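Peer 1: For reference, the structure I am asking about is given below.
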Number of protein chains: 2
Amino acid sequence: MNIERLTGELSIRRQLADGTATQLEAVKQIIQQVKIEGDAALMHFAKKWDRAELSSLRVTKEEIEEAAGRFDPRLLGDLTEAANNIRSYHEGQKQQGYRHDREDGSYVAQRVTAIESAGLYVPGGTAAYPSSVLMNVIPAQVAGVERIVVISPPDSEGKLSDGVLVAAHILGIEELYKSGGAQAIAALAYGTESIEPVDKITGPGNIFVALAKREVNGDVAIDMIAGPSEIAIIADESAYADEIAADLLSQAEHDPLASAVLLTESLEMAEQVQAQVAKQLKTLPRADIATASIRDHGMIYVADTRAELIRAANQLAPEHLEIMTSDAERLSEEIRHAGAIFIGRYSSEPVGDYFAGTNHVLPTNSTARFSSALSVYDFVKRTSIVHYSEQAWRNNQEKIARLARLEGLEAHARAVESRAWKKENQS
Amino acid sequence: MNIERLTGELSIRRQLADGTATQLEAVKQIIQQVKIEGDAALMHFAKKWDRAELSSLRVTKEEIEEAAGRFDPRLLGDLTEAANNIRSYHEGQKQQGYRHDREDGSYVAQRVTAIESAGLYVPGGTAAYPSSVLMNVIPAQVAGVERIVVISPPDSEGKLSDGVLVAAHILGIEELYKSGGAQAIAALAYGTESIEPVDKITGPGNIFVALAKREVNGDVAIDMIAGPSEIAIIADESAYADEIAADLLSQAEHDPLASAVLLTESLEMAEQVQAQVAKQLKTLPRADIATASIRDHGMIYVADTRAELIRAANQLAPEHLEIMTSDAERLSEEIRHAGAIFIGRYSSEPVGDYFAGTNHVLPTNSTARFSSALSVYDFVKRTSIVHYSEQAWRNNQEKIARLARLEGLEAHARAVESRAWKKENQS
């Protein structure tokens with residue numbers, strides 16, 4: 001892990017999931033095939049890519065109950081407690097409508113309603129993350145989404161992972177399907193015989209899933225398309241190098257493209273962390289991934305002043321920012337751009353990834369400058385309401401007609417004036 | 001305007017601004033050229049497409065004051081009153097952060113901050129809409145965006161329209177630039193010598209603007225890319241056919257692709273509106289546009305029951321929905337999907353387009369199923385905060401490590417456990 005002096009602006013490499021032209025073409029064809037052939041296409045692709053012979057796409061009640069029955073009860077308890085924490089945090093995001101009444105009898109209002117249906121894509125194989133089920137489903141439930149569907153690729157025996165089934169079970173989700181990749185996204189977007197389409201698709205996935213989500217975007221809503229995961233840590237000499245290193249590595253084990261950055265004023269701390277990272281790396285099961293990540297996207301910056309650290313953190317706008325300084329809470333108030341901030345020694349990032357209650361679906365690639373964690377807000381929409389009384393119309397119709405004519409929109413002016421047509425005849 | 005019996009599901013045609021491959025290629029090249037040549041490219045394109053010889057890109061204070069000086073004072077008053085109404089409505093959208101404290105000394109919180117900078121694209125020429133300036137700038141101001149920039153193509157004399165300048169002036173916007181099309185979007189996204197880049201770009205535009213916004217999306221945030229405008233009206237026999245027709249035509253004059261739909265149980269009303277539309281069309285200055293719109297995208301549906309009307313309205317999920325029935329307010333509660341609802345006879349759509357205070361940037365193409373009007377929410381972002389106390393860590397670290405190992409993420413487990421490494425040695 002390299003150590004560099006922090007001077008001036010950081011150069012930030014964006015890592016976007018653009019895919020190749022060939023991949024995009026394949027995704028487009030898959031979507032077409034699902035649109036035309038429906039279930040048959042999903043079965044076909046399950047056989048081709050998941051090596052699964054499926055007799056039906058929907059997960060049965062028995063499959064869910066069997067998974068729950070053989071699941072480690074301690075883990076069941078852990079997932080349940082995590083779910084409760086996540087639900088509690090997200091309750092704070094419930095949006096209220098409002099209404100402004102005016103003396104002339106008119107009002108304007110905003111009505112908040114949940115979207116009707118949402119589909120969560122859950123990757124299969126080694127990346128079957130029950131925590132993703134909690135993080136995507138719970139905000140939708142808190143929003144009041146009536147129909148929530150989970151879709152995930154089956155293993156070669158035609159099953160979904162126990163962890164995913166149990167997480168869904170804990171949340172009361174009963175509509176799960178076996179399909180992966182672009183075909184699953186197409187099924188959620190356009191429907192098949194077995195699968196009713198949904199209004200919004202969320203959840204992580206590989207490049208084919210990402211490309212398919214981009215393709216269907218607009219026909220349905222999608223969540224953000226996340227880039228590789230990122231952590232930045234601001235630490236002073238009150239922190240412990242081995243803990244900082246462990247936290248950096250927890251990010252690095254995700255993906256060779258994941259990035260882990262330490263920002264510190266202390267060269268001594270920098271060197272200690274460098275040594276700790278090298279040491280701890282050796283014993284990690286996913287050492288190959290973490291090594292590549294640290295080598296290509298790991299960096300320790302040493303700054304002369306606290307202000308430079310803060311500027312660099314804001315410039316990075318990292319997905320995750322840990323602050324391990326003696327004044328962590330105060331320092332956090334100077335951070336303007338970060339997906340999530342973890343304050344103090346005991347707030348290691350996995351605390352938030354799994355358990356504390358905040359959402360682990362967070363903006364990457366510096367997009368925390370303008371975007372936010374997945375939330376209840378992503379599963380509601382707002383309708384504006386305008387009610388004008390006769391009095392309000394009478395007071396304002398001339399102004400409205402003038403503004404319309406200023407823009408050359410005569411029919412707009414006449415629409416407002418038309419309410420006088422009969423009145424003028426009457427009076 | 002055709003009359004049809006409403007039977008079963010409506011077939012909804014989506015109209016997306018996809019552009020041609022040639023247009024997309026042109027847009028990509030323009031963006032590249034702006035990235036490389038900066039201001040010079042903007043000057044070059046202004047000469048090429050706007051026939052404007054610009055000596056500088058920024059609008060001067062004098063230009064703004066001159067425009068304000070010669071502007072009709074009544075219109076200035078109208079715009080100011082509209083701006084006040086819009087500001088008042090959007091104040092209801094200010095988001096608060098929150099913090100949940102737990103007994104173990106831990107807390108989770110959500111912090112809401114404004115994005116730093118936003119750029120509004122305003123089309124030029126015949127479509128120079130001061131109201132768009134109000135509708136895009138005010139939500140950003142209420143959100144607390146520090147830097148708000150307006151960019152718009154100059155006329156052949158190198159000027160922006162008085163209406164746009166005055167609307168900006170009323171709002172206290174001082175940073176305006178003269179550039180249009182894809183090059184203006186590129187300048188906002190990547191910056192030039194004269195123009196600092198922004199974090200979010202909003203505002204309507206032609207196909208080149210739409211394609212450029214899609215291209216830069218991700219590097220900066222963009223608002224939705226709107227399709228042609230839409231109105232649906234639910235009316236019973238308490239309504240007046242001439243007023244309904246006038247409202248339908250106010251939508252139709254926007255664009256040959258705009259759609260105007262009447263939903264009613266009354267065949268008599270249907271026929272009266274049909275006749276009124278034909279009659280009123282003749283005298284409209286933009287009759288050619290409105291005629292094409294009504295012919296290709298206008299429709300009157302007659303249903304047997306109120307329930308069918310409501311179902312059709314929800315299925316359309318129209319950008320604008322007017323309800324002109326004797327029980328309009330009650331009926332509006334059964335509408336689940338609409339960008340904006342206009343309740344009662346005096347709430348003609350232009351009331352909301354210009355004046356009432358709600359935003360006129362609304363979801364089209366049935367996307368009101370899952371998206372919403374432009375709002376203050378579009379100009380803020382939320383940062384999650386996690387603080388774990390030593391006690392909270394002690395109580396939960398085993399659970400968190402177990403959940404991490406369930407997902408095969410050993411380094412995550414060790415990160416949480418690392419806080420015990422020294423403690424174990426100490427005790």
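Read-outs throughout are calculated quantities, based only on the coordinates presented, and are distinct from any laboratory measurement. This one's a predicted model, so the numbers in the text were calculated from it and none came from an experiment. Backbone-built Cβ (ideal geometry, glycine too); neighbour counts: all protein chains shown.
Peer 1: Among B:ALA303, B:ALA392, B:ALA290, which one shows the highest mean-square fluctuation when chain B is modelled as a Gaussian network with alpha-carbon springs under 10 Å?
Peer 2: In this elastic network of chain B, the residue with the biggest mean-square fluctuation among B:ALA303, B:ALA392, B:ALA290 is B:ALA392.
Peer 1: Further, regarding this structure: State the extension gain, in nm to one decimal, for the chain segment bounded by A:GLU81 and A:GLU268, taking 0.36 nm per residue of separation less the distance between their alpha-carbons. Can you show the working numbers first?
Peer 2: Working: separation 187, 0.36 × 187 = 67.32 nm, distance 3.98 nm.
Contour length minus Cα-Cα distance gives 63.3 nm.
Peer 1: Provide the descending list of Cα extents for the range B:119-181 along its principal axes, expressed in whole angstroms.
Peer 2: Principal-axis extents of the range B:119-181 (Cα, largest first): 35, 19, 18 Å.
Peer 1: Then there's this: Peptides A:18-24, B:242-248, A:80-86: what's the order by average Cβ count within 10 Å, highest mean first? The partial results should precede the final answer.
Peer 2: Working: A:18-24: 12.9, B:242-248: 27.1, A:80-86: 19.7.
For the peptides A:18-24, B:242-248, A:80-86, the packing ranking is B:242-248, A:80-86, A:18-24.
Peer 1: Which FRET efficiency value, to the nearest 0.05, is calculated for B:LYS61 and A:LYS61 with the Förster distance at 51 angstrom and r the Cβ-Cβ distance? Present the calculation step by step, with values, prior to reporting the outcome.
Peer 2: Numbers: r = 71 Å, r/R0 = 1.38.
Rounded to the nearest 0.05, the efficiency is 0.10.
Peer 1: Counting Lys and Arg as +1 and Asp and Glu as -1, each charge on the Cβ, what is the dipole of the protein assembly as shown about the Cα centre in debye, to the nearest 20?
Peer 2: Numbers: 86 positive and 124 negative charges, 69 e Å.
The dipole of the protein assembly as shown has a size of about 340 debye.
Peer 1: Taking the Cα atoms only, what angle lies between the long axis of helix B:39-50 and the longest principal axis of chain B, rounded to 10 degrees?
Peer 2: Its long axis makes an angle of about 20 degrees.
Peer 1: For B:ARG394, place a label point 7 Å out from Cα along the Cα→Cβ vector, do the same in each other copy, and report the separations in nm, one decimal, smallest first.
Peer 2: 7.3
Peer 1: Show which lysines lie in cross-link reach of B:LYS35 when reach means a straight Cα distance below 22 angstrom and same-chain residues fewer than eight apart are skipped.
Peer 2: B:LYS35 reaches B:LYS47, B:LYS48, B:LYS178, B:LYS200, B:LYS213.
Peer 1: Let me have the 222 nm mean residue ellipticity of chain A computed from DSSP H runs of 4+ only, each contributing -39500 (n - 2.57), with the sum over all residues rounded to the nearest 500. Let's see the in-between values first.
Peer 2: Values: 17 runs with 191 residues, N = 427.
Only helices count here, giving -13500 deg cm²/dmol.
Peer 1: Still on this model: Please list B:63-71, A:87-95 highest first by mean number of surrounding beta-carbon atoms within 10 Å per residue. Write down the numbers at each step before the final one.
Peer 2: Working: B:63-71: 15.2, A:87-95: 18.4.
Top of the packing list down: A:87-95, B:63-71.
Peer 1: Quick check for me: using +1 on Lys/Arg Cβ and -1 on Asp/Glu Cβ, what's the dipole size of the range B:21-222 about its Cα centre, in debye to the nearest 20?
Peer 2: Computed charge dipole of the range B:21-222: roughly 440 debye.
Peer 1: For B:TRP421 and B:TYR98 in one chain, what is 0.36 nm times their gap in residues minus the Cα-Cα distance, to one decimal in nm? It would help to have the intermediate numbers written out before the result.
Peer 2: Details: separation 323, 0.36 × 323 = 116.28 nm, distance 3.37 nm.
Contour length minus Cα-Cα distance gives 112.9 nm.
Peer 1: Distances in nm, one decimal, shortest first, from B:LYS48 to the same residue in every other copy, taking the label point 7 angstrom along Cα→Cβ.
Peer 2: Values, ascending and in nm: 4.2.
Peer 1: I've got another one for you. Cα extents of the range B:170-216 along the three principal axes, largest first, in whole Å?
Peer 2: 29, 25, 18
Peer 1: Specify whether the C-alpha gyration tensor of the range A:227-370 places it in the rounded, prolate or oblate class, a ≥ b ≥ c being the square roots of the eigenvalues: rounded for a/c under 1.5, otherwise prolate if a/b is larger than b/c and oblate if not.
Peer 2: Judged from the Cα gyration tensor, the range A:227-370 comes out rounded (a/c under 1.5).
Peer 1: Now, a different point. Identify the residues of the range B:227-244 with backbone N under 19 Å of a label point that sits 7 angstrom from the Cα of B:LYS282 along the Cα-to-Cβ direction, or state none.
Peer 2: Inside the label zone: B:241-244.
Peer 1: Between A:ALA404, A:THR367, A:ALA338, whose Cα lies farthest towards the positive end of the dipole of the range A:334-427 when Lys and Arg beta carbons carry +1 and Asp and Glu beta carbons carry -1, centred on the Cα centre?
Peer 2: A:ALA404
Peer 1: How much length is gained if the chain between A:GLN32 and A:GLU390 is pulled fully straight, taking 0.36 nm per residue apart and subtracting their Cα-Cα distance, in nm to one decimal? Please report the intermediate quantities before stating the final value.
Peer 2: Numbers: separation 358, 0.36 × 358 = 128.88 nm, distance 5.19 nm.
This chain segment gains 123.7 nm when fully extended.
Peer 1: Show me the GluC sites (Glu not before Pro) within the range A:300-341 that DSSP assigns to loop and that have at most 12 other Cβ atoms within 10 Å of their Cβ. Walk me through the numbers before you get to the answer.
Peer 2: Working: sites: A:GLU308, A:GLU319, A:GLU322, A:GLU329, A:GLU333, A:GLU334; in loops: A:GLU319, A:GLU333, A:GLU334.
Within the range A:300-341, the qualifying GluC sites (Glu not before Pro) (loop, at most 12 other Cβ atoms within 10 Å) are A:GLU333.
Peer 1: Same structure again: Taking a ≥ b ≥ c as the square roots of the Cα gyration tensor eigenvalues, with a/c under 1.5 meaning rounded and otherwise prolate when a/b beats b/c, else oblate, which class fits the range A:25-163?
Peer 2: Details: a/c = 3.25, a/b = 1.53, b/c = 2.12.
It is oblate, given that a/c is not under 1.5 and a/b is not larger than b/c.
Peer 1: For the range A:1-60, which semi-axes, largest first and in whole Å, follow from the square roots of 5 times the eigenvalues of its Cα gyration tensor?
Peer 2: Values: eigenvalues 373, 54, 19 Å².
Rounded to whole Å, the semi-axes are 43, 16, 10.
Peer 1: Ok, one more. Near the axis that takes chain B to chain A, which B residue has its beta carbon closest, and at how many Å?
Peer 2: Reported as residue, whole Å: B:TYR377, 3.
Peer 1: Give the span of the protein assembly as shown's Cα atoms along each principal axis, as three whole-Å numbers ordered largest to smallest.
Peer 2: 94, 65, 52
Peer 1: Another one. So for chain B, Kirkwood radius off the Cα pairs, Stokes-Einstein at 37 °C and 0.692 mPa s: how many µm² s⁻¹?
Peer 2: Working: Rh = 24.4 Å.
The estimated diffusion coefficient comes to 135 µm²/s.
Peer 1: Treat every Asp and Glu Cβ in the range B:34-114 as -1 and every Lys and Arg Cβ as +1, leave all other atoms uncharged, and give the resulting dipole magnitude about the Cα centre to the nearest 20 debye.
Peer 2: About 220 debye.
Peer 1: Find the Cα radius of gyration of the range A:239-309, compare it with 2.2 N^0.38 Å by division, and give the number to two decimals. Could the numbers behind the result be given before it?
Peer 2: Details: Rg = 11.8 Å, N = 71, 2.2 N^0.38 = 11.1 Å.
For the range A:239-309, the normalised Cα radius of gyration is 1.06.
Peer 1: Against the longest alpha carbon principal axis of chain B, how many degrees, from 0 to 90 and to the nearest 10, is the axis of helix B:61-70 turned?
Peer 2: Taking Cα atoms only, the helix is inclined about 30 degrees.
Peer 1: Looking at chain A as a GNM with Cα springs under 10 Å, which of A:GLN96, A:GLN32, A:GLN141 has the largest mean-square fluctuation?
Peer 2: A:GLN96
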